[in-house]
Amino acid sequence: MSAHILVAEDDERQAQVLRMYLRSEGHDATVVHDGRAAIDAARRLRPDLLVLDVMMPRVDGHDVCRILRPESDVPVLMLTARTGEDDLLLGLDLGADDYMTKPYSPRELMARIRTLLRRVKRSAPEPDDGVLRVGPLTVDPLHHEVVGPSGRQVACTRGELTVLTTLAAEPGRVFTRRQLLDRTGGWDTSVSERTIDMYVMHLRKKLEPDPRRPEFLITVYGIGYKLTPGRVRGEGGLAPR
C-alpha cells in the first residue's frame with residue numbers, strides 16, 4: 001500500500017537513504033531535519049506514518065512524540081543511537097509504536113514500516129460515502145454541498161467549504177486559526193488568519209439561526225474555533241462570538 005511518510009532525521013545522508021528506500025517501495029516521503037519542523041509538518045501534512053529520530057536539534061524526538069500524541073494517532077517508529085532499556089521504554093510510554101536502534105538495516109526498517117502500515121489499515125474504519133454529519137449539519141466535500149440546520153442546501157465558497165470540512169471532520173476539536181490556515185494556504189497564498197475569521201463569519205450567517213449567538217461554529221477565545229452538534233450552555237471557558 002502506498003503511503004505518505006514523514007521522516008524526521010537530522011543526519012542528512014541517512015535521511016536521503018531512507019527517502020530512497022521509501023520511494024522504491026512506492027511511498028511518498030517528506031524529510032525534515034529538526035524536531036520543530038517535524039511537529040509543524042506532521043500537523044500540516046497529516047502523514048500516514050512518522051519515522052522519528054530521537055536525537056534532533058531544537059526539539060528532540062521524545063518531546064516531538066509527547067507533543068503530537070495527544071492530537072494525533074499517526075503511527076510513530078522511533079530511531080535512536082541509545083541502546084539503554086530506559087530510553088526504549090520512555091519512547092514507548094510516550095506513544096511510539098515501534099523502536100529501532102542505530103545502526104540498523106534499511107531492509108529491516110522497511111519491513112517494520114510495512115507491518116505498521118498493515119496494522120493501521122486493519123484498524124481503519126470502513127469507508128463511507130464521505131459525507132460528514134454534525135448534528136443537523138451535513139457537509140459533502142466531494143460534491144461541494146452543505147445542508148444547514150433548516151434542511152436547505154447552502155452555497156459556500158471554496159475557502160468556506162475547506163474550513164467547514166476541516167472542522168466537521170473532527171467535531172468538538174478546537175482548531176487554531178493557523179491550523180485552519182494551513183488547510184487553505186496550499187491553494188490560495190493570499191489567505192491570512194484574518195481571512196479565516198471572515199470565512200467563519202460568513203458561515204455563521206449561512207448556517208446559524210442567530211449568527212450573533214452561534215450554536216454550531218463556536219469561538220474558543222485565545223485559541224480558535226470548533227464545530228459542535230449544537231450549543232451547550234454553560235460550557236466552562238467557552239463563549240460564542
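Only the coordinates and a few stated rules stand behind these numbers; no lab work does. In this text the structure is predicted, and so the values were computed from the model without any measurement. Ideal geometry is used to build each Cβ from the backbone, glycine not excepted, and the neighbour counts take in all protein chains shown.
Summary table below
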quantity: From phi via Karplus (6.51, -1.76, 1.60), per-residue ³J(HN,Hα) for segment 136-141 in Hz, x at Gly/Pro; calculated: x, 8, 10, 10, 10, x
quantity: Rounded, prolate or oblate (a/c below 1.5 giving rounded, otherwise prolate when a/b exceeds b/c) for segment 4-123 by Cα gyration tensor; calculated: rounded
quantity: R107-Y221 pseudo-label distance in nm [points 7 Å out on the Cα-to-Cβ vector]; calculated: 6.2 nm
quantity: Separation in nanometres of the label points that stand 7 Å from Cα toward Cβ, at R43 and R69; calculated: 1.9 nm
quantity: R13 versus R119: modelled label distance in nm, points set 7 Å from Cα along the beta carbon direction; calculated: 3.1 nm
quantity: Overall form of segment 192-233 per C-alpha gyration tensor (a/c, 1.5; a/b vs b/c); calculated: oblate
quantity: Theoretical FRET efficiency, 1/(1+(r/R0)^6), r = Cβ-Cβ of M55 and A169, R0 35 Å, to 0.05; calculated: 0.55
